[in-house]
1. Checking the condition closer than 27 Å to ASN107 by Cβ and touching a Gly at 6+ places or on another chain (Cβ under 6 Å), which residue from GLN166, GLN232 passes?
2. So ASN123 clears everything in (1) under 30 Å from GLU56 (Cβ atoms); (2) out of contact with any helix residue (DSSP H, G or I) (no Cβ under 8 Å at 6 or more places or on another chain) except one condition, right? Which one?
3. Mind counting the residues in the stretch 1-32 that are near the ligand (Cβ under 9 Å from one of its atoms) and not aliphatic (A, V, I, L, M)?
4. Listed residues LEU99, LEU92; which is touching a His at 6+ places or on another chain (Cβ under 7 Å), surrounded by 14 or more Cβ atoms within 10 Å (Cβ to Cβ) and either closer than 21 Å to ALA218 by Cα or in contact (Cβ under 8 Å) with a residue 40 or more places away in the chain (or both)?
5. In the stretch 1-58, what residues are acidic (Asp, Glu) and either surrounded by 15 or more Cβ atoms within 10 Å (Cβ to Cβ) or touching a residue at least 12 places away in the same chain (Cβ under 8 Å) (or both)?
6. Which of the residues belonging to the stretch 166-206 are among the hydrophobic types (A, V, I, L, M, F, W, C), at pLDDT 95 or above and touching an Asp or Glu at 6+ places or on another chain (Cβ under 9 Å)?
7. Restricting attention to the stretch 134-156, does a residue exist that is assigned to a loop (DSSP other than H, G, I, E, B), surrounded by 15 or more Cβ atoms within 10 Å (Cβ to Cβ) and within 9 Å of the ligand (Cβ to nearest atom)?
Amino acid sequence: MATLIFGASGETGKLLTEQLLASGRKVKIIVRPVSNIPENWSRNENLTIIKRSITEISSDELAGYISNCQTAACCLGHNLTLKGVFGKPKRLVTDSVKLICEAIQKNSPSVPVRFVLMNTAGNSNRDLNEPVSFGQKIVIGLLRLFLPPHTDNEMAADYLRENIGQKNPCIEWAVVRPDNLTNEERVSEYSINKSPTRSAIFNAGKTSRINVAHFMAALITDDELWKKWKGQMPVIYNV
Ligand SMILES: NC(=O)c1ccc[n+]([C@@H]2O[C@H](COP(=O)([O-])OP(=O)(O)OC[C@H]3O[C@@H](n4cnc5c(N)ncnc54)[C@H](OP(=O)(O)O)[C@@H]3O)[C@@H](O)[C@H]2O)c1
């Protein structure tokens with residue numbers, strides 16, 4: 001059984017793909033035809049590369065790609081350019097998450113598909129009563145108004161919480177929330193928390209992309225870890 005990765009050409013998605021391949025897993029990726037991916041990936045027998053934009057795929061087509069996958073992960077995010085942040089698609093992550101869930105449900109898998117979504121510590125888990133200061137509420141309100149990718153991340157996680165929920169027979173999910181992303185060469189010690197332990201706005205922590213990829217890969221491959229975090233929104237910080 002393979003893992004299907006969305007956003008595999010991105011900085012974190014590449015690391016997740018590499019880590020799963022290094023552990024001997026079969027991986028399928030869906031990347032845009034123009035996406036930049038390592039040249040040696042095309043020679044890896046455990047990797048299937050599908051060159052299609054997620055924004056142009058129907059749920060029927062996606063159901064075909066996902067039918068032999070027991071696990072899926074999404075590291076999609078808006079490119080940090082004016083067009084990426086303010087242009088279309090405004091709901092890249094939310095629409096993709098909806099499409100992925102629709103495709104999985106079309107296949108009616110006998111065992112629920114495990115789906116891990118990369119999100120942000122700037123988003124609250126509204127299933128929990130996460131305390132947010134007055135100042136942070138104001139800033140988040142402004143981000144919702146002026147920074148479409150923030151709302152997109154919030155809506156994507158809300159879709160899993162509210163529409164897929166905790167008892168869906170086809171899908172189990174976890175939303176991974178890193179704080180400010182950094183690039184490091186190696187996996188280092190990191191902490192996993194049910195909720196943020198610091199303010200993502202006024203006292204942000206750091207999370208290296210390689211640690212995010214490591215934790216997402218562990219959720220995909222480690223049944224005990226999955227049982228602990230499924231249906232939740234773990235927050236990850238470098239120690
Ligand atoms: N920056 C931070 O400090 C921070 C902190 C916490 C959370 N996050 C969240 O982390 C996530 C991933 O971060 P990252 O730095 O690893 O991302 P990234 O390197 O920017 O990768 C983004 C991925 O999304 C794809 N993508 C972008 N626009 C697309 C479109 N219109 N259609 C199809 N695919 C598209 C990219 O494909 P191409 O390669 O084809 O462009 C790429 O695979 C984002 O959701 C971000 O909000 C960021």
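1. Just a single option satisfies the conditions, and that option is GLN166.
2. (2)
3. 9
4. After ruling out the rest, the residue left standing is LEU92.
5. GLU11, GLU18
6. Within the stretch 166-206, just LEU181 meets the criteria.
7. Scanning the stretch 134-156 turns up no residue that is assigned to a loop (DSSP other than H, G, I, E, B), surrounded by 15 or more Cβ atoms within 10 Å (Cβ to Cβ) and within 9 Å of the ligand (Cβ to nearest atom).
Yes or no, residue by residue, for (1) more than 16 Å from the ligand (Cβ to nearest atom); (2) surrounded by 16 or more Cβ atoms within 10 Å (Cβ to Cβ); (3) touching a residue at least 40 places away in the same chain (Cβ under 8 Å):
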{"residue": "ARG177", "(1), (2), (3)": "no, yes, yes"}
{"residue": "ASN183", "(1), (2), (3)": "no, no, yes"}
{"residue": "TYR190", "(1), (2), (3)": "no, yes, yes"}
{"residue": "LEU219", "(1), (2), (3)": "no, yes, yes"}
{"residue": "ASP223", "(1), (2), (3)": "yes, no, no"}
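The values are calculated or read from the model by the stated rules, or taken from the named source; none is laboratory data. Note that the structure is predicted; figures quoted are calculated from it, not measured. So basically every Cβ, Gly included, is an ideal-geometry build from the backbone, and we count neighbours across all protein chains shown.
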